Amino acid sequence: MKIAFVGKGGSGKTTLSSLFIRHLAATGAPVVAIDADINQHLAAALGLDEDEAAALPAMGERLRLIKDYLRGSNPRIASAETMIKTTPPGEGSRLLRVRENNPVYDACARPVELDGGVVRLMVTGSFTDADLGVACYHSKTGAVELCLNHLVDGRDEYVVVDMTAGSDSFASGMFTRFDITFLVAEPTRKGVSVYRQYKEYARDFGIVLKVVGNKVQGQDDIDFLRAEVGDDLLVTVGHSDWVRSMEKGRPPRFQFLEDANRRSLRVLQVAADATYDLRDWERYMRQMVHFHLRNATSWGNERTGADLAAQIDPGFVLREGLVAAV
């Protein structure tokens, strides 16, 4: 299952996504965790120290390797230079799977040991001094989008992505790459403003959107969220001494997370698992093609000097059971 965590800056989306990743790892499920926020905090939330987090390989800096591997022998993609963040897979493309080993994971993923399991952690890379004035961070998160476009995941496999803050996720088609999106919202007017934007933007794309109320202190907060987001409110999370200790660099074992918060994480997993039967791979491909054509027309054709519409394989549908290209 592909799962996104979104929310305004400071909402607690990274904390919630890290807790969910820990929860999944504790069940023994295979997990790929991706920090797609240019403000990189997921590694620290998973317990890595500053040096360990800084040493993680940035996907954005390995974009050429990612492109070379994923295009495989696809005759519609002439070179890595003509492959952009929205390029869809086709016959001959190499696909990524959660449980396998491959050159992309070798270059970009690192194992992180958590209580009860190990997850693969990948990071898009932070905005650096070299990027100032000359680059847009979406060029870095494009590496994540390209990988998601070529990812085939199955039941009881999880890809958890900590997305960029606010509504910046809509700067590309990446927001359509997920089975479910958890929007983390505080019980304030500002806290639910991103929800309204997300709901409006996602309306025509069949996005499964659920709200996780965070920093909830009582029934009044729950009532406020319910009034603002209605049935999209899935669950709420309150104060956590465990999280406070973790943020101080002294995380107790995950088994000591408060019972109420553990139950909330199980609710998230049940909601994510329930979307498996709703999967529509044909619609998934149509959306991929839709955003590829938009990007090709607006900037891709001019930048690459190629007609990127020709990269679309009309007979190809990404789905489980495809034989991997070699």
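The values are calculated or read from the model by the stated rules, or taken from the named source; none is laboratory data. A quick note: this is a predicted structure, and the numbers were derived from the prediction, not measured. Counting neighbours? That spans all protein chains shown, and the Cβs are built from the backbone with ideal geometry, glycine included. Please note that ligands, DNA and RNA were not included when accessible areas were found on the heavy atoms of the full protein model with its side chains. Shrake-Rupley method; radii C 1.70, N 1.55, O 1.52, S 1.80 Å.
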Next item on the list: Rank Ala310, Phe20, Ala4 by how far each Cα sits towards the positive end of the charge dipole of the chain (+1 on Lys, Arg Cβ; -1 on Asp, Glu Cβ) and give me just the farthest.
Entry: Ala310
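Considering only protein heavy atoms and a probe of 1.4 Å, how much of the accessible area of the stretch 170-287 is carbon and sulfur, as a whole percent?
Values: 2860 of 6180 Å².
Exposed carbon and sulfur together represent 46 percent of the surface.
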Next item on the list: At a 1.4 Å probe radius, which order do Asp51, Asp307, Asp221 fall into by accessible area, largest first?
Entry: Asp51, Asp307, Asp221
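Computed from the mean reciprocal separation of all distinct C-alpha pairs, what Kirkwood hydrodynamic radius does the chain have, in Å? Before the final figure, lay out each step's value.
Numbers: mean 1/r = 0.0495 Å⁻¹.
Here the Kirkwood hydrodynamic radius works out to 20.2 Å.
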Checklist line | Spin-label model distance (nm) - Thr275 vs Thr304, 7 Å beyond Cα toward Cβ | finding: 2.7
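Which is the longest part of the chain that has none of the GluC sites (Glu not before Pro) sitting in a DSSP loop with at most 12 other Cβ atoms within 10 Å?
On the way: sites that count: Glu100, Glu320.
My reading of the result: 101-319 is the longest stretch.
How large is the translational diffusion coefficient of the stretch 220-262 in µm² per second when you combine the Kirkwood radius over alpha carbon pairs with Stokes-Einstein at 25 °C and 0.890 mPa s?
Working: Rh = 12.1 Å.
Taking Rh from Cα pairs, D becomes 203 µm²/s.
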Item checked: Cα shape, the stretch 241-293, gyration tensor, a/c 1.5 rule -> oblate
Item checked: Between the stretch 222-252 and the stretch 47-72, the Cα center-to-center distance that results, in Å -> 31
Notebook entry, point to check: Which percent of the Cα-Cα distances in the stretch 1-125 go past 19 Å?
Noted result: 53
Note to self: Assuming 0.36 nm per residue, please report the length gained on full extension of the stretch Asp204 to Lys248 beyond their Cα-Cα distance.
What the structure shows: 11.6 nm
Margin query: Quick check: with the 1.4 Å probe, what order do Tyr195, Tyr201, Tyr276 take by accessible area, largest first?
Written below: Tyr201, Tyr276, Tyr195
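At 222 nm, what helix-only mean residue ellipticity would the chain give, in deg cm²/dmol to the nearest 500, using -39500 (n - 2.57) for each DSSP H run of four or more? List each step's numbers first, then the result.
Details: 12 runs with 117 residues, N = 326.
The helix contribution divided over the chain gives -10500 deg cm²/dmol.
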Checklist line | Accessible surface, per residue, of the chain when the full set of protein chains is kept, probe 1.4 Å, Å² | finding: 44
Notebook entry, point to check: How much length is gained if the chain between Lys190 and Arg283 is pulled fully straight, taking 0.36 nm per residue apart and subtracting their Cα-Cα distance, in nm to one decimal?
Noted result: 30.2 nm
Note to self: Using the Cα atoms of the stretch 63-128, I'd like the radius of gyration and the largest Cα-Cα distance, Dmax, both in angstrom.
What the structure shows: 14.2, 45
